[in-house]
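Contents: one structure, followed by commentary.
The values are calculated or read from the model by the stated rules, or taken from the named source; none is laboratory data. Every value quoted in this text rests on a predicted model; they were computed, and no experiment measured them. Virtual Cβ from ideal backbone geometry, glycine too; neighbours counted across all protein chains shown. Ligands, DNA and RNA are excluded from the accessible area calculation, which covers all protein heavy atoms including side chains. Shrake-Rupley method; radii C 1.70, N 1.55, O 1.52, S 1.80 Å.
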Amino acid sequence: MRIPVHAIVFEDFETLDIMGPVELFGLLQQHYQVQFYSLNGGLVSNKHGVYIQTQPFTEIQTHAQSILLIPGGIITFELMKNQEFLDQLKALADQSRYVLTVCTGSSLLAATGILNGVKATSNKMALEIVQSLNNQVLWQTQARWVTDRKFYTSSGVSAGMDMTLAFIQDTQGENMAQLCAEEAEYLWNSNPDLDPFCKVKAE
């Protein structure tokens, strides 16, 4: 049985946050099955005019190896005011074997409290804001991505691809991750401590 990747989207999600990891998981269709979900299902669009057909959260069926994938975007700071969304997201994260976030997607998890005491990171341009939302998370100010227990959190946008390849390496082996990077013609930054944007601040 292929491992389900439950890719969460919402209005104004950041395109590459979700599509970068989906491209890499999609290269391993013998291992992973990607499906898109949103709170209420239906068509979801983002600021770039990308539309994705989704199923509602209530249709997600988790099993022992389920992967939850959460993108970011500026909209996350509004979305964390939606208690219904946060409650369902926390339940899904609790039930998932692995939880992967890209960019400010980690702020959504932080808002649920599930990252309390967990090492995590986020987009460095938004990190000061993200840190202020929940100081019980062990925010890492210099990290391309961070792995702590079942949580993989990455810095901004393209960092999600580096994190996904690291996840594939951890679960499928280094050769598989390298093959994915080569097939995607992607220069994989395989060092989580190499974070060239860690000093970038929002103006």
For the range 3-184, percent of DSSP beta bridges that are antiparallel (nearest 5) comes out at 30 percent
To the nearest 0.05, the calculated FRET efficiency linking MET1 and SER190 through their beta-carbon distance, R0 being 22 Å, is 0.15
Only helices counted: for the chain, with every DSSP H run of 4 or more residues adding -39500 (n - 2.57) and the sum spread over all residues, [θ] at 222 nm is -9500 deg cm²/dmol
Ranked by GNM mean-square fluctuation in the chain (Cα springs under 10 Å), the top entry among LEU133, LEU187, LEU69 is LEU187
The percentage of the accessible area of the chain (probe 1.4 Å, all protein chains present) made up of carbon and sulfur atoms, to the nearest whole number, is 48 percent
Of the range 49-63, those with amide N under 11 Å from the point 7 Å along the Cα→Cβ vector of LYS150 are 62-63
Heavy-atom accessible area with a 1.4 angstrom probe orders HIS31, HIS6, most exposed first, as HIS31, HIS6
Taking ILE74, ILE18 and ranking on accessible area (1.4 Å, protein atoms only), highest first, one gets ILE74, ILE18
SASA check, TYR51, accessible area w/ 1.4 Å probe, all protein chains in place, rounded to nearest 10 Å², comes out at 150 Å²
Whole-Å distance linking the alpha carbon centroid of the range 140-203 with that of the range 62-129 is 17 Å
In nm, the gap between the two label points placed 7 Å beyond Cα toward Cβ at THR141 and GLU183 is 4.0 nm
Checked the range 3-184 against the a/c 1.5 cut and the a/b vs b/c comparison, axes a ≥ b ≥ c from its Cα gyration tensor; verdict rounded
Those trypsin sites (Lys or Arg not before Pro) from the range 103-203 that are DSSP loop and have at most 16 other Cβ neighbours within 10 Å turn out to be ARG149, LYS150, LYS199, LYS201
Residue-normalised value, i.e. accessible area per residue, for the range 64-203 at 1.4 Å probe, in Å², stands at 45 Å²
